[in-house]
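First comes the structure, then the notes that go with it.
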Amino acid sequence: MTATSQAGPPQPAETVTLDVRGLWKVFGPHPERVAGTPLAELSRAELKERTGCVAAVRDVSFAVRRGEVFVVMGLSGSGKSTLVRCLTRLVEPTAGEVRLDGRDIREAGDKQLRELRRHRFAMVFQHFGLLPHRRVLDNIAYGLEIQGQGRPDRYRRATEMLDLVGLAGYGESYPDQLSGGMQQRVGLARALAVDPEVMFFDEPFSALDPLIRRDMQNEVVRLHHEVGKTMIFITHDLSEALKLGDRILIMRDGEIVQIGTPDEVVGAPADDYVREFVRDVPRADVLTLRWIMRPPGDGDALDGPELGPSVVIKDAVRTVLRADRPVRVVADGELLGLVGSAEMLEVIAG
Ligand SMILES: Nc1ncnc2c1ncn2[C@@H]1O[C@H](COP(=O)(O)OP(=O)(O)OP(=O)(O)O)[C@@H](O)[C@H]1O
């Protein structure tokens, strides 16, 4: 398997929610003189020196599939927030296209943009953004109020969302009566209430302590299973990216370094930058059998236990080590390869 880079393989149009093409964001005077020109090839320092500009997002293209959790990851300053803000036009892109269901949101006027933000997008921020003088239930219903929904409908929906995020009974509380994790659950409920097409998460759990953070990550996984929303999630935390992402986009200096599934990023890092990022990840927790299987050789017994190629290595350890013959990796009735104790021990031993 090879790592996908840049936009990855073309996606069938009906599975794509958000299609980003040749996106640029240059901050500073006359940004259009930088985007897409040789000036953009200069180092950050040189570009700043010569033009006063910063190229925060440089010629980025990717497609987000309907229903996937798409993680944007990179070190501080790599351009994650700017990129994701361009997708909702909280930041105006300098060049490129952002197509939502085929229509370029860069062409949307003020009214259409308001509609998009009220009905089709929802955001969850690091600092919750709750209204302190309103009760939890009012906060959750807020987006529906802005949409103009009647009171009974919006409170019915808000109560459902309160239950969904595990806060039943807290509707009458005020935000400052809740812990950070609970406040972020309110943020999640508020975003879900409007039944958006795409949910954007900007480092939502960075301010939470590690145990609560883990709870909230599990919560996102659970909610994603339940509601199946398209989610675009910014983080600088690799373990969070690996846990949540169906695919991960890794940025450096405003550019895409790699787009891939967690096992692609760990198993086939695109360059030394990504390799360094994933160096300490326990490979058996992320890679699947397809990464360690070998072709059957002469003398191999072909009647060992059968497992699929997408089984994560750690979940196959017992089966492989207990069997007295190699495990057969099979998909659609076809034998793809074998995994024996030797392959297993090699990956476990690192
Ligand atoms: N409004 C702005 N004006 C000028 N430069 C900006 C502006 N916003 C961001 N930048 C610059 O663009 C680059 C990318 O910033 P951005 O905040 O998108 O990165 P990030 O990866 O989200 O970082 P962090 O994790 O620290 O938020 C940085 O060099 C930043 O200084």
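The values are calculated or read from the model by the stated rules, or taken from the named source; none is laboratory data. Note that the structure is a prediction, hence the values are computed from the model and not measured. Note: ideal-geometry Cβ built from the backbone for every residue, glycine included; neighbour counts use all protein chains shown.
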Region 31-47 - residue that is closer than 14 Å to PRO93 by Cα and not aliphatic (A, V, I, L, M) and, of those, modelled with the highest pLDDT: PRO31
Residue check for ALA268: crowded, with 20+ Cβ neighbours inside 10 Å, among the small types (Gly, Ala, Ser) and touching a Ser or Thr at 6+ places or on another chain (Cβ under 7 Å): no
Inter-residue pairs, beta-carbon under 9 Å, first basic (Lys, Arg) and in region 229-255, second within 12 Å of the ligand (Cβ to nearest atom), 6+ apart: ARG252/GLY74; ARG252/LEU75; ARG252/SER78; ARG252/GLY79
Residues being over 15 Å from PRO196 (Cβ atoms) and of a type in the set (Phe, Trp, Tyr) - total across region 138-172: 2
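Condition check ((1) surrounded by 22 or more Cβ atoms within 10 Å (Cβ to Cβ); (2) within 16 Å of the ligand (Cβ to nearest atom); (3) touching a residue at least 40 places away in the same chain (Cβ under 8 Å); (4) in a loop (DSSP other than H, G, I, E, B)) across all residues:
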residue	(1), (2), (3), (4)
VAL71	yes, yes, yes, no
PRO93	yes, yes, yes, yes
GLY96	no, yes, yes, no
ARG99	no, no, yes, no
Verdict on MET216 being assigned by TED's automatic domain parsing to the domain that holds SER81, part of a helix (DSSP H, G or I) and either at negative phi or more than 16 Å from the ligand (Cβ to nearest atom) (or both): yes
Residue count, region 48-64 (criterion: under 12 Å from ALA95 (Cα atoms) and more than 10 Å from the ligand (Cβ to nearest atom)): 4
Filtered residue count, region 73-89, keeping only those that are among the charged types (D, E, K, R) and more than 6 Å from the ligand (Cβ to nearest atom): 2
Residue under evaluation ARG135, criteria (1) within 16 Å of the ligand (Cβ to nearest atom); (2) crowded, with 16+ Cβ neighbours inside 10 Å; (3) farther than 15 Å from MET199 by Cα; (4) more than 18 Å from the chain's Cα centre (by Cα), criterion not met: (1)
